[in-house]
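Taking it in order: structure first as structure tokens, then the write-up.
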Amino acid sequence: MRKPLEKRLALYLSAAAILSLIASVLTIYFFVGTLNRNAADTDRRLITAGIESAARQTEAWAADYGWWEEALFLFDAGSTTVLSSAMASPFDDHDGFDLVVLSEAGGRSFGWHRDTGLKVRPRPLDPEILTGLRRGLQQSVDDGRFVTSQFADRDGILYLLSVTTLGDSDDRASIDEMSAPIIVIGTRIDKSFIDQIEQNFLIENIRLVEEDRMPVPGAVQLTNQAGEVIGELVWTQSTPGIDTLRVAMVPIVGYILVFMLAFHVMRRRVRRLARRSEANERRARRAAARDALTGLSNRQGFNQYIARPESLRAARDGEAAVIYIDLNGFKAVNDKAGHQAGDTVLKTVAGRFRKNMPLNVHTARIGGDEFACVVLGSNASHQALELARTISDFLADPVQVDGRDYDIGGAIGVSWSTYDQPRAFKDLVEEADMAMYRAKAEQLDQPLTYDCSLGIEHNRRRDLEADMEAGLERGEFYVVYQPIVDAADGSIRSVEALARWEHPTRGAVPPDVFIPIAERSKLIQKLGDFVLDTVCQDFAACSEHTVSINLSPAQLNSPDVCQRYVAKLEAAGLSPDLIEIELTEAVLVDDFERARERLLQFAAAGFRLNLDDFGTGFAGMGYLHQIPFNKIKIDKSFVRSIGKGDGSNKMLQAMSLLGDALQKDLVAEGVETEAQASMLRLLGFRYLQGWHFGRPLTASALRQHLRDYRHTGT
């Protein structure tokens, strides 16, 4: 009985061992498959992250070089030599891209390739590739972005191409991506590109599969705009599960030991793979949140930092502050010395931040020339103000680029949370931004802290901006014309077009209220177009005298402002010599080179140029020689001072002599009495303007006035 029982026990034990072995094999098989699939998925995600990181970098280059306003002007002018220097020479500094293309829909196309250096190659991209890029860019704009990337096959070589529209535009959403000039920056998908992904993400033997050998299961597919697969990336996949299975296939005699050992090895392998995956993901997250140029956090990293639980808790407890900084002289450096000099400035400024900011301060580059700092701690408000002053001091030090010093400076806004008035980070960021913009508008050389009056003014300005935009659509704006008369006989020689706004509930809104709102909100272009369109309608059939139209500094930022004005006049059958473009001295002081370029375009097109409010700004006499002004309009403050002492009369006499010396016609504004008019005639002023000669008139009233004058002579 014992032997059969032992046999049965042995059988049971054998069966249990066999079943246990089968269960172990099945378990191992399950884990093997899971491990291999997870490893493959991890590798695939890392390769995809590497491609996306390369795309973001290429898009950053495309935006950096493409949104340079000078590029569009040079492209339109066909200045391939200057464009070659600006667009192709960076090949020596940036190993990350291989070609640059500037293309106009259905027209010219310039391009450079790393293999050809500065030599321009005609039509370096096929039309279907360019069309696909434009369609992809159009879709990206609809999604709220203005730059996009896609893969393309060029002459049998795969490229990652990033595209954006060319030139600096105030409203990029209004650009027609299918017709506007574009810039394309391309990176070749070659061994160097693949080696970088391998190095960054520790993936072995990544290879590009040719089109005739596709598809490969599990590969990362590269598709063009049409959704066609034009290439695949494959790699040697890690197989931790198979390794574990080999270890587990030992003689049955040592099953238990081997099983436990295999389980232990497998567990260690899983942990090691998990740690590697987590480390790679952390590296990818850090790279995505880091500004490649300066090494500081970018806007994404900034947002991640203020979204941390400890940051949110600090703001809630009144222990947080935000500093916003906008560099004042950076744009001038880019315009005058190029983007490489601008990059040097940004890196130098970033180095000063790293040197001067304490460890508890998070610093980020959140825009082209904008930086932000987050301060946490019980003394955050006091520390933030001290740091803001420190930032103001080190930004005041010139930045040296290629042996030349550039004065940068910055507008700085500060906002903080306190124990009695805790603020969320969203509010702190918005308030610091408002304070920074006020500091910039008022050209303050010291930090400006936020207070509630800024918020009230911001809301009032936002409401007025919304009313103004609606008023332009509803036809609440109209144009009146103020005569400019000959000082000798009082005859009308020209008129000045003035915008007026009659709001249904606010009543008449003064120009000195709505024009600054328009300039800050980018509505100034729409308002300026409305004034010009109205002038074209009012004077299409009667152009016996010239019409002055005011041009604001914001309008001069648009590179095509002159072309648009010429087109509108031609459509109305009018000549540019009917229009006198009028601008203040502030335009010249803010950015003389850009203003001079735009105004010379107007002069070349046939427009007349007037310098308005002369004597109130800081423009030097050299500006009057470099820009062909036809008239100089003396500010009304000088006219009002007539009769209040010899000093004012001598000042006006000096201005009259200056006009004679420069051979410019002088216009005295703000003439309200005959005594003022008589004195100005004696001083030699040729033209006078003011309510003494009539209030601003509508177009119909002006025509009636002219008819009456011709009939009566008065």
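The values are calculated or read from the model by the stated rules, or taken from the named source; none is laboratory data. Worth saying up front: this structure is predicted, and the values here are computed from it rather than measured. Note that we place each Cβ from the backbone using ideal geometry, even for glycine, and neighbour counts take in every protein chain shown.
Computed quantities for the displayed model
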item: When residues of the stretch 390-438 are limited to those that are of a type in the set (Asp, Glu) and either in contact with a Leu (Cβ under 8 Å, 6 or more places away or on another chain) or surrounded by fewer than 15 Cβ atoms within 10 Å (Cβ to Cβ) (or both), the one modelled with the lowest pLDDT; result: ASP420
item: Flag if PHE371 is outside any strand (DSSP E or B) and under 17 Å from ASP291 (Cα atoms); result: no
item: Residue match in the stretch 663-675 (condition: without any contact (Cβ under 8 Å) to a residue 24 or more places away in the chain and under 16 Å from PHE614 (Cα atoms)); result: yes
item: Some residue of the stretch 93-111 being more than 28 Å from GLU281 (Cβ to Cβ) and at pLDDT below 70; result: yes
item: Yes/no for ALA384 being outside any helix (DSSP H, G or I) and farther than 30 Å from LEU72 by Cα; result: no
item: Subset of the stretch 535-568 (residues that are of a type in the set (S, T, N, Q), part of a helix (DSSP H, G or I) and surrounded by 17 or more Cβ atoms within 10 Å (Cβ to Cβ)); result: GLN555
item: Residues of the stretch 351-368 satisfying the condition of being assigned to a helix (DSSP H, G or I) and surrounded by fewer than 19 Cβ atoms within 10 Å (Cβ to Cβ); result: GLY351, ARG352, ARG354, LYS355, ASN356
item: Members of the stretch 177-222 found to be free of Cβ contacts under 8 Å to residues at least 60 places away in the same chain, assigned to a loop (DSSP other than H, G, I, E, B) and closer than 30 Å to ASP143 by Cα, listed by number; result: GLU177, ILE189, ALA219
item: So CYS542, is it modelled with pLDDT under 85 and within 18 Å of VAL479 (Cβ to Cβ); result: yes
item: Qualifying position, being closer than 15 Å to PHE330 by Cα and of a type in the set (Val, Ile, Thr), among ILE408, ILE391; result: ILE408
item: Candidates ALA508, ALA499, ALA488, ALA571, filtered to the one that is of a type in the set (A, V, I, L, M, F, W, C) and crowded, with 16+ Cβ neighbours inside 10 Å; result: ALA499
item: Subset tally (residues that are free of Cβ contacts under 8 Å to residues at least 12 places away in the same chain and among the hydroxyl-bearing types (Ser, Thr, Tyr)) for the stretch 516-541; result: 0
item: Any hit, the stretch 334-345, residues being assigned to a loop (DSSP other than H, G, I, E, B), surrounded by fewer than 18 Cβ atoms within 10 Å (Cβ to Cβ) and of a type outside the set (D, E, K, R); result: no
item: Members of the stretch 471-515 that are under 30 Å from ARG681 (Cβ atoms), among the hydrophobic types (A, V, I, L, M, F, W, C) and without any contact (Cβ under 8 Å) to a residue 40 or more places away in the chain; result: none
item: Pick from the stretch 141-180, criterion farther than 21 Å from VAL229 by Cβ, touching a Ser or Thr at 6+ places or on another chain (Cβ under 7 Å) and not charged (D, E, K, R), ranking: modelled with the highest pLDDT; result: VAL147
item: Those strands (runs of 3 or more DSSP E) lying entirely in the stretch 606-714 with at least 2 residues at pLDDT 85 or above and more than 18 Å from ASP489 (Cα to Cα); result: 608-614, 631-634
item: Scan of the stretch 406-449 for residues that are out of contact with any strand residue (DSSP E or B) (no Cβ under 8 Å at 6 or more places or on another chain) and either of a type in the set (Val, Ile, Thr) or not assigned by TED's automatic domain parsing to the domain that holds ALA321 (or both), ordered by number; result: THR418
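Residue by residue, here is whether (1) in a loop (DSSP other than H, G, I, E, B); (2) modelled with pLDDT under 85; (3) within 34 Å of the chain's Cα centre (by Cα) holds:
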position: ASN459; (1), (2), (3): no, yes, yes
position: GLU465; (1), (2), (3): no, yes, yes
position: GLU473; (1), (2), (3): no, no, yes
position: TYR481; (1), (2), (3): no, no, no
position: GLY490; (1), (2), (3): yes, yes, no
position: LEU532; (1), (2), (3): no, no, yes
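Residue-wise test of (1) modelled with pLDDT of 80 or more; (2) surrounded by 19 or more Cβ atoms within 10 Å (Cβ to Cβ).
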position	(1), (2)
PHE31	no, yes
ARG56	yes, no
ALA60	yes, no
ASP76	yes, no
SER89	no, no
